[in-house]
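Report on one structure; see the data block that follows.
The values are calculated or read from the model by the stated rules, or taken from the named source; none is laboratory data. The shown structure was predicted, so the numbers you read here are calculated from the model rather than taken from an experiment. FYI the Cβ positions are ideal-geometry reconstructions off the backbone, even for glycines, and counts take in every protein chain you see.
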Amino acid sequence: MQATIEVTGLRKRFGPTVALDGMSFTVKPGQVTGFVGPNGAGKSTTMRVILGLDAVEKGSALIGGRPYRSLRTPLRHIGALLDAAALQPSRSARNHLLWLAHSQGLGAGRVDEVLEQVGLTSVARRKAGGFSLGMRQRLGIAAALLGDPPVLMLDEPVNGLDPEGIVWIRGFLRSLAAEGRAVLVSSHLMSELQDTADHLVVVGRGRVVADTGVAGLIADTSKGRVTLRTTAPEHAMSALAPVGATVTVIEHDTLIVSGLPAERVVALLNADAVPFSEVAAHRATLEEAYLDLTRDAVEFRGATR
């Protein structure tokens, strides 16, 4: 079976609200694909459609070329974590996994293997209802791994994890992709995806806004921007703005200048006697790139003061 998720032309409404408006993308094997977008962009609905939990008016979602509902033992094809709270709280962690394993023709040995993979062996016989959010996340990841599937789909997998757990999940996801699996990770934490994802699918208002490599996206966002550190930001802005530069304050002493090369910025600052400690080509973050892409796709926006 091919390790892919293929989403093609998904369209879906909830009453008058358009949830998916031609959503299309492919999750390829051997890489971690980040799935990001503002609240209401259609991420959760798309993942539910992939798992056959929601129907669509048009389009298809295939796992290895087949719809989820046609898979006789689905956990052997795709492992998914959508809601870490979706468990029977009175069951132990091990029994929760045993129940899932038996439904797929898997034995107790596999349950013990995945418990060890996610670091829950020592608490395997504790009731899952008493687990912290981070421990439930690990248990949900263990459930996704049970069938040793070629495709994994995880929604906010770092949610509730402590710093050690976050470092672990970064490396773990990359190791799964290195084995040739297709890994789709939905997250709001751009800093985590910057260190984890190879590819990014950005969505907004039910459709794909960008489908691109992470490194290339950051490079494109960095182009033509200069980082300026100065103790006189207002003086610097007055020197640069009149000649066509766009100047943005990101910290009290740090500005991002667009529209002028670094050499020109230095010359203008010197000519106007503006003190500065650094002028350098800007290295954008994934968060900056994401905000640029989704600026017109945000449905819920708070007021600023």
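Return the total of residues in the range 208-224 being touching a Leu at 6+ places or on another chain (Cβ under 9 Å), farther than 16 Å from Pro261 by Cα and in a helix (DSSP H, G or I). Don't jump to the end; show me each part of the working.
So in the range 208-224, the residues touching a Leu at 6+ places or on another chain (Cβ under 9 Å) come out as 209-214, 217-218, 221, 224.
Keeping just the survivors that are farther than 16 Å from Pro261 by Cα gives 209-214, 217-218.
This time we only want the ones that are in a helix (DSSP H, G or I), so: 214, 217-218.
Final tally of qualifying residues: 3.
Would you confirm whether or not the range 234-251 contains a residue that is among the polar types (S, T, N, Q) and within 30 Å of Val201 (Cβ to Cβ)?
If we filter the range 234-251 for residues that are among the polar types (S, T, N, Q), which is where we start, we get 238, 246, 248.
Narrowing the set further to residues that are within 30 Å of Val201 (Cβ to Cβ) leaves 246, 248.
Looking for residues that are among the polar types (S, T, N, Q) and within 30 Å of Val201 (Cβ to Cβ), one finds at least one in the range 234-251, hence yes.
Please pick out the residue among Thr26, Thr46, Thr8, Thr33 that is surrounded by 14 or more Cβ atoms within 10 Å (Cβ to Cβ), modelled with pLDDT of 95 or more and not in a strand (DSSP E or B). Steps first, please.
Details: Thr26 fails: not in a strand (DSSP E or B); Thr8 fails: not in a strand (DSSP E or B); Thr33 fails: not in a strand (DSSP E or B).
Just one listed residue meets the conditions, Thr46.
Going by the structure shown, is Ile256 outside the structural domain of Gly34 (by TED's automatic domain parsing) and in contact (Cβ under 8 Å) with a residue 60 or more places away in the chain? Write out each step before concluding.
Working: outside the structural domain of Gly34 (by TED's automatic domain parsing): yes; in contact (Cβ under 8 Å) with a residue 60 or more places away in the chain: no.
Here the answer is no, as Ile256 does not meet what is asked.
Here is a list: Ala108, Ala143, Ala124. Which entry is small (Gly, Ala, Ser), in contact with a helix residue (DSSP H, G or I) (Cβ under 7 Å, 6 or more places away or on another chain), modelled with pLDDT of 95 or more and surrounded by fewer than 13 Cβ atoms within 10 Å (Cβ to Cβ)? Before the answer, list the steps.
On the way: Ala143 fails: surrounded by fewer than 13 Cβ atoms within 10 Å (Cβ to Cβ); Ala124 fails: surrounded by fewer than 13 Cβ atoms within 10 Å (Cβ to Cβ).
Just one listed residue meets the conditions, Ala108.
Would it be correct to say that Ala84 is in contact with a Lys or Arg (Cβ under 6 Å, 6 or more places away or on another chain), within 23 Å of Leu133 (Cβ to Cβ) and in the same structural domain as Ala143 (by TED's automatic domain parsing)? Give the steps one after another, and end with the answer.
Working: in contact with a Lys or Arg (Cβ under 6 Å, 6 or more places away or on another chain): yes; within 23 Å of Leu133 (Cβ to Cβ): yes; in the same structural domain as Ala143 (by TED's automatic domain parsing): yes.
Against the criterion (in contact with a Lys or Arg (Cβ under 6 Å, 6 or more places away or on another chain), within 23 Å of Leu133 (Cβ to Cβ) and in the same structural domain as Ala143 (by TED's automatic domain parsing)), Ala84 qualifies.
Residue by residue, here is whether (1) of a type in the set (Ser, Thr, Tyr); (2) on the phi < 0 side of the Ramachandran plot; (3) assigned to a strand (DSSP E or B); (4) crowded, with 22+ Cβ neighbours inside 10 Å holds:
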| site | (1), (2), (3), (4) |
| --- | --- |
| Leu139 | no, yes, no, yes |
| Gly160 | no, no, no, no |
| Val183 | no, yes, yes, yes |
| His188 | no, yes, no, no |
| Gln194 | no, yes, no, no |
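When residues of the range 83-99 are filtered for being modelled with pLDDT of 95 or more and either among the aliphatic types (A, V, I, L, M) or touching a Pro at 6+ places or on another chain (Cβ under 7 Å) (or both), how many remain?
Within the range 83-99, residues that are modelled with pLDDT of 95 or more and either among the aliphatic types (A, V, I, L, M) or touching a Pro at 6+ places or on another chain (Cβ under 7 Å) (or both) number 3.
Look through Gly129, Gly134 and report the one residue that is modelled with pLDDT under 95, surrounded by 15 or more Cβ atoms within 10 Å (Cβ to Cβ) and not acidic (Asp, Glu).
Numbers: Gly129 fails: surrounded by 15 or more Cβ atoms within 10 Å (Cβ to Cβ).
Exactly one of Gly129, Gly134 is modelled with pLDDT under 95, surrounded by 15 or more Cβ atoms within 10 Å (Cβ to Cβ) and not acidic (Asp, Glu), namely Gly134.
Six or more apart or on different chains, Cβ under 7 Å: which pairs go from a residue in the range 112-126 that's in contact (Cβ under 8 Å) with a residue 60 or more places away in the chain to one that's of a type outside the set (Asp, Glu)? Could you list them?
The qualifying pairs do not exist here.
Can you pull out every residue in the range 258-298 that is touching a Ser or Thr at 6+ places or on another chain (Cβ under 9 Å), β-branched (Val, Ile, Thr), in a loop (DSSP other than H, G, I, E, B) and within 26 Å of Gly216 (Cβ to Cβ)?
Selection gives Thr285 alone.
Identify, by number, the condition in (1) outside any loop (DSSP other than H, G, I, E, B); (2) within 30 Å of Lys127 (Cβ to Cβ) that Gln88 doesn't meet.
(1)
Out of Gly140, Gly213, report the one residue that is in contact with a strand residue (DSSP E or B) (Cβ under 6 Å, 6 or more places away or on another chain), without any contact (Cβ under 8 Å) to a residue 24 or more places away in the chain and either assigned by TED's automatic domain parsing to the domain that holds Met23 or within 27 Å of Glu288 (Cβ to Cβ) (or both). Even if it seems obvious, please write down each step before you answer.
Details: Gly140 fails: without any contact (Cβ under 8 Å) to a residue 24 or more places away in the chain.
When all the criteria are applied, what remains is Gly213.
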